[in-house]
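Heads up: the structure comes next, in structure tokens.
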Amino acid sequence: MLTTTVSELVDELLSGTRPLPIISAGVPVLRQPALPYEGQLTADQLDRLLAAMRETMHSAPGVGVAAPQIGVPLRLAVIEDPAEVAAEVREVRGRVPQPYRVLVNPVYEPVGDGRAAFFEGCLSIPGWQAVVSRPDRIRLRGQDETGRELDEEFTGWPARIVQHETDHLDGVLYLDLAETRSLSSAQAVSDYWSQPTPATAAHSLGFPLRTATATGTATGTATGTGTGTGDDSGGTGATAP
């Protein structure tokens with residue numbers, strides 16, 4: 001019965017307008033753990049759903065979309081980032097191009113103690129960004145769209161994208177992990193906090209930068225210049241996978 005319900009939901013969604021509408025925060029599907037994908041959809045349904053998710057991601061534009069963001073409670077996500085940013089941002093944030101990938105039943109765990117803090121945004125929370133400290137290297141396990149097992153490491157910006165999208169599948173939004181004093185409108189980030197790191201924002205808004213390196217933990221502020229962000233909104237003034 002549950003499989004039929006999910007299948008019918010996807011058919012109804014795919015028969016509607018494109019790109020698919022993105023669910024905003026406050027809708028229960030974004031706060032409930034998604035169901036493991038266990039073949040609830042036919043191969044054709046899965047292919048069409050993933051294609052529609054990728055189209056929606058490009059249209060937003062963003063660098064990732066999780067199935068709950070379009071109202072489908074399955075552990076599926078797509079990611080892709082051309083990383084068209086300035087060289088300084090690329091170096092500071094480790095924002096390298098991430099080819100299109102499908103994540104099925106993804107889970108991740110930190111590798112080492114390194115952490116990085118950057119602004120993040122989310123397509124489901126439009127118009128706002130906040131600083132989130134995350135592991136800068138992770139191990140991802142799961143499957144791809146063909147059922148092939150995945151077990152690999154991600155670093156830098158791609159690691160942030162994977163974490164952000166996988167969190168969606170657990171009912172977690174980036175604001176749950178953010179420094180609340182850093183919360184800024186997208187316009188404010190563009191006007192004031194477009195540096196490669198959020199150090200200036202931390203000093204002015206009064207929040208800690210929770211980072212860690214191989215030699216220990218550092219909490220504080222620093223200086224930096226440039227532009228860029230990370231999260232599924234794919235903006236350049238904050239971080240949003």
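Structure notes:
- Fully extended contour minus Cα-Cα distance, from Gln32 to Ala86, at 0.36 nm per residue: 15.7 nm
- Accessible-area composition of segment 4-43, carbon plus sulfur, in percent [1.4 Å probe]: 57
- Farthest toward positive dipole pole in the chain [+1 Lys/Arg, -1 Asp/Glu at C-beta], among Val107, Thr155, Leu177: Leu177
- Per residue, the accessible area of the chain comes to 44 Å², computed with a 1.4 Å probe over protein heavy atoms only.
- When the helices of the chain are scored as -39500 (n - 2.57) per DSSP H run of n ≥ 4 and the total is divided over every residue, the value at 222 nm lands at -8000 deg cm²/dmol.
- Cα gyration tensor shape of the chain, rounded if a/c is under 1.5, else prolate or oblate by comparing a/b with b/c: prolate
The values are calculated or read from the model by the stated rules, or taken from the named source; none is laboratory data. Everything quoted here is computed from the prediction, not taken from an experiment. Cβ atoms come from the backbone with ideal geometry, glycine included; neighbour counts cover every protein chain shown. Side chains included, ligands, DNA and RNA excluded: accessible areas come from the protein's heavy atoms. Shrake-Rupley method; radii C 1.70, N 1.55, O 1.52, S 1.80 Å.
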